[in-house]
């Protein structure tokens, strides 16, 4: 038990909206049971051709936090068979101290850790706390469209210039992404809406000097029928270009259900 862990205020409500067990649904660890901690709040507003962020309750319309560090400890103790964890959002890197605390808790129980991030904010000094960083750069296909409806189970609003400006300001922070690649084991996941996204993916790959094996392409969609529209196209791109394909097992299995 390290000093930081001993000093944590375990019962204070944090900006955390989910603490659960799940199957990792994406990327190189897909299929592995994990603890999931979801923070609320994001510096982006993703809107795609036929969907928006699949966790809009933590991004477009961020809920007030409802969980404590004790909730994390309790679920760890209830599930000794699970030894992997990831922190996601929203965007977890907007809370530096919170993220360090959460990772400290998991490491105190010898759990393999990961975060899922859009890569726009690098946090130094996490080398001993993080085993994997998943970066999901947002392509032009994610930019909100002025005057359209951002609509899902969690939100229904007309997109304004405010959301567009916020998104464009933060989505292409490649200098920050490069820092993540310099200090951590990483994987990169891209949401693909159409074949035209490939040029941008290759451009980012060149900027960040990423080898093929670190790149996963995923079909766009917040429900399985939407994923199915894109799945074949993305698989064929991966075969032709040598990228990894990642489905989205949590959406395929549970749809919009939370806490899974």
How much space per residue, in cubic angstrom, does the convex hull of the C-alpha atoms of region 193-260 take up? 94
Taking region 134-253 as the region of interest, what is the percent of Cα-Cα pairs per 5 angstrom bin, listed from the shortest bin to the one with the maximum distance? 2, 10, 19, 20, 20, 16, 10, 3, 0
Using only Cα atoms, tell me the angle between helix 197-208 and the longest principal axis of the chain; keep it within 0 to 90° and round to the nearest 10. 50
Quote the relative contact order of the chain in percent (integer), defining contacts as alpha-carbon pairs under 8 Å separated by 6+ residues. 21
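Among 191, 143, 37, 100, which comes first, second and so on when ranked by fewest other beta-carbon atoms within 10 Å? Provide the component values of the computation, followed by the final result.
On the way: 191 24, 143 19, 37 29, 100 15.
Fewest-to-most Cβ neighbours within 10 Å comes out as 100, 143, 191, 37.
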In nm², what is the average projected area of the convex hull enclosing the Cα atoms of the chain? 13.0
Whole-number D in µm² s⁻¹ for region 50-197, Kirkwood Cα-pair radius fed into Stokes-Einstein, 4 °C, 1.567 mPa s: 77
Calculated from DSSP H runs of 4 or more alone, at -39500 (n - 2.57) each and per residue, what is the 222 nm mean residue ellipticity of the chain, nearest 500? -9500 deg cm²/dmol
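Can you sort 206, 166 from fewest to most other Cβ atoms within 10 Å of each residue's own Cβ? Walk me through the numbers on the way to the answer.
On the way: 206 9, 166 16.
So the ranking, lowest neighbour count to highest, is 206, 166.
Got a sec? How would 4, 171 order by Cβ neighbour count within 10 Å, fewest to most?
Least to most surrounded, the residues fall as 4, 171.
Can you give me the Kirkwood hydrodynamic radius for region 28-108, using every pair of distinct Cα atoms, in Å to one decimal? All intermediate terms of the calculation are to be shown ahead of the outcome.
On the way: mean 1/r = 0.0719 Å⁻¹.
With all distinct Cα pairs of region 28-108 included, I get 13.9 Å.
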Between residue 229 and residue 7, take the C-beta separation as r, use R0 = 41 Å, and let me know the FRET efficiency to the nearest 0.05. 0.25
Starting from the Cα of residue 32, step 7 Å along the direction of its Cβ; do the same at residue 206; then give the gap between the two resulting points in nm. 3.3
How big is the antiparallel share of DSSP beta bridges in region 1-109, given as a percent to the nearest 5? 70
Using only the alpha-carbon atoms, how far is helix 174-183 inclined from the longest principal axis of the chain? Give it as 0 to 90 degrees, nearest 10. 50
I'd like the orientation of helix 69-78 relative to the chain: the angle between its Cα long axis and the longest Cα principal axis, in ° from 0 to 90, rounded to 10. 90
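Bear in mind these aren't lab numbers, they're just calculated from the coordinates by the rules spelled out. None of these values were measured; they are calculated from a predicted model. Note that each Cβ is placed from the backbone with ideal geometry, even for glycine, and that neighbours are counted across all protein chains shown.
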